[in-house]
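Beneath this line is the structure, given in structure tokens, with notes to follow.
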Amino acid sequence: MKPKNVTNIEEYIGLFPKNTQKKLFRLYSFIKEIVPTIEETISYGMPAFKLHGKPLVYFAGYNNHIGFYALPSGNKAFQKELSNYKTGKGSIQFPIDEELPWQLIEQIVKYRIKEVEINKKTP
């Protein structure tokens with residue numbers, strides 16, 4: 001499902017079945033707890049978070065999984081930890097019927113924060 005014309009993350013989450021909504025809202029809240037000053041947007045038809053105007057992470061709901069997008073660098077840095085999940089160049093699929101790996105998600109988000117901060121400082 002690729003929702004069109006949604007204007008904010010809560011509206012996006014509301015388009016899914018209740019069980020999926022709970023997981024998506026928990027992920028949304030969890031990321032905001034890690035980075036309270038994060039910028040929220042919809043990008044590529046899915047919830048996106050930016051820091052200093054730069055992409056940090058994205059997430060999306062699907063029938064069988066929650067998609068988490070930490071850009072290629074986030075996936076590469078945690079290749080070993082992500083070995084139990086289906087991944088692409090910049091995507092991770094967390095099965096919808098399993099608990100999300102909160103500690104791993106936190107580590108990936110914090111890694112991306114450092115990456116954005118470092119790139120912000122270089123001209």
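Quick notes on this structure:
- If the segment from Q103 to N119 were pulled out straight at 0.36 nm per residue, it would be longer than the present Cα-Cα gap by 3.3 nm.
- Estimated inter-spin distance, K110 and E11, nm [label 7 Å along Cα→Cβ]: 3.5 nm
- Using 0.36 nm per residue and subtracting the Cα-Cα separation, the extra length available between Y62 and S43 on full extension is 5.2 nm.
- Considering helices alone, the calculated mean residue ellipticity of the chain at 222 nm is -12500 deg cm²/dmol, with DSSP H runs of length four and up weighted by -39500 (n - 2.57) and normalised per residue.
- Pairwise FRET efficiency - K32 versus A77, Cβ, R0 = 22 Å, nearest 0.05: 0.50
- On the basis of the beta-carbon distance and an R0 of 22 Å, K50 and F25 show a calculated FRET efficiency of 0.65.
Taken together, the values in this text are just the output of simple stated rules run on the coordinates, not laboratory data. Small disclaimer: the values here were computed from a predicted structure and weren't measured. Neighbour counts run over all protein chains shown; Cβ positions are idealised from the backbone, glycine included.
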